[in-house]
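Scroll down for the structure; my scribbles are underneath it.
The values are calculated or read from the model by the stated rules, or taken from the named source; none is laboratory data. Quick caveat, the model's predicted, so the values are computed rather than measured. Ideal geometry is used to build each Cβ from the backbone, glycine not excepted, and the neighbour counts take in all protein chains shown. Just so you know, the surface numbers come from the protein's heavy atoms only, side chains and all, with ligands and any DNA or RNA stripped out. Shrake-Rupley method; radii C 1.70, N 1.55, O 1.52, S 1.80 Å.
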Amino acid sequence: MMKKLIIGLFALLPTFAMAAGPSVPLMDAGNDLTDKASLQRGAKLFMNYCLGCHQMQYQRYERTFRDIGIPTDIGQQQLIFDGSKVGSHILNAIEKDDAAKWFGAAPPDLTLVARVRGTDWIYTYLKSFYKDESRPFGVNNTIFPSVGMPHVLQELQGLPVPITEQVEEHGHTVTKVVGTQTDGSGEMSTDEYDQAARDITNFLAYVGEPSRLESKAIGYKVLGFLVILFILAFFLKKEYWRDVH
């Protein structure tokens, strides 16, 4: 029994490692799974900017289009770029070995990233890239230092520059990145990029648990049924025990 428990704990270590990170304050993503317009924009951004490296092997195109209100024919024409069938899983053609050589590690599947990391972490991550010429792709990330991923949304946001300050750590003065500020070269304004980051985060939250809204609705119905059943049972009990008392 103890051996099985130890094995189980070691199996969970990668999950804990993914959730761990530097103590950077997280921004509120404010995701809303009922906002289908946001989900549709997020799907468009993901398919255009993220799918080249990050796939979602547990999610199908058809299910996605149906849930977020995209007509199947439009989704097939505008959001499927590799000729996959609409019933296929959302995959890409990148080879893991090649990706590991290019980025230092194979890009992870993002089907469940919102459940592992949390939506606030994803939103903060998308807004935390900054210029760092010492890195292979010329960028770094405050919440994920030394990340191997390029800033794929740079053409939308621009290239943020770091905001630094001098802090004392273990008796030494070090320069620490405390924030970022865009250089204004992006296609979007700051507010527009904020919304784009929220839309992608919202879409990943949906993909992590596509049936969440449906499950929530069923849960309310079950609770309502139990309340009605309790009331009926209460009055039935009183009727049965009226003569006894």
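Observations, loosely collected:
- Subset of region 86-104 that is open to solvent by less than 40 Å² (accessible area, probe 1.4 Å) and in contact with a Gly (Cβ under 8 Å, 6 or more places away or on another chain) - its residue that is nearest to Gln55 (Cα to Cα): Asn92
- Yes/no for Thr180 being modelled with pLDDT under 90, open to solvent by 50 Å² or more (accessible area, probe 1.4 Å) and assigned to a strand (DSSP E or B): no
- Any hit, region 215-228, residues being free of Cβ contacts under 8 Å to residues at least 24 places away in the same chain and aromatic (Phe, Trp, Tyr): yes
- Single residue of Leu213, Leu204, Leu236 found to be aliphatic (A, V, I, L, M) and modelled with pLDDT of 90 or more: Leu204
- For region 217-238, the criterion of being aromatic (Phe, Trp, Tyr), on the phi < 0 side of the Ramachandran plot, within 15 Å of the chain's Cα centre (by Cα) and assigned to a helix (DSSP H, G or I) is satisfied by no residue at all.
- For region 106-125, the count of residues that are open to solvent by less than 50 Å² (accessible area, probe 1.4 Å), within 18 Å of Tyr49 (Cα to Cα) and either over 17 Å from the mean Cα position of the chain (by Cα) or without any contact (Cβ under 8 Å) to a residue 12 or more places away in the chain (or both) is at least one.
- Selection count where residues are part of a loop (DSSP other than H, G, I, E, B), touching a helix residue (DSSP H, G or I) at 6+ places or on another chain (Cβ under 7 Å) and open to solvent by less than 50 Å² (accessible area, probe 1.4 Å), scope region 127-151: 4
- In summary, Thr190 fulfils each of the numbered conditions (1) farther than 29 Å from His54 by Cα; (2) open to solvent by 80 Å² or more (accessible area, probe 1.4 Å) with the single exception of condition (1).
- Annotation: of all residues in region 50-76 being among the hydrophobic types (A, V, I, L, M, F, W, C) and without any contact (Cβ under 8 Å) to a residue 60 or more places away in the chain, the one that is surrounded by the fewest Cβ atoms within 10 Å (Cβ to Cβ) is Ile74.
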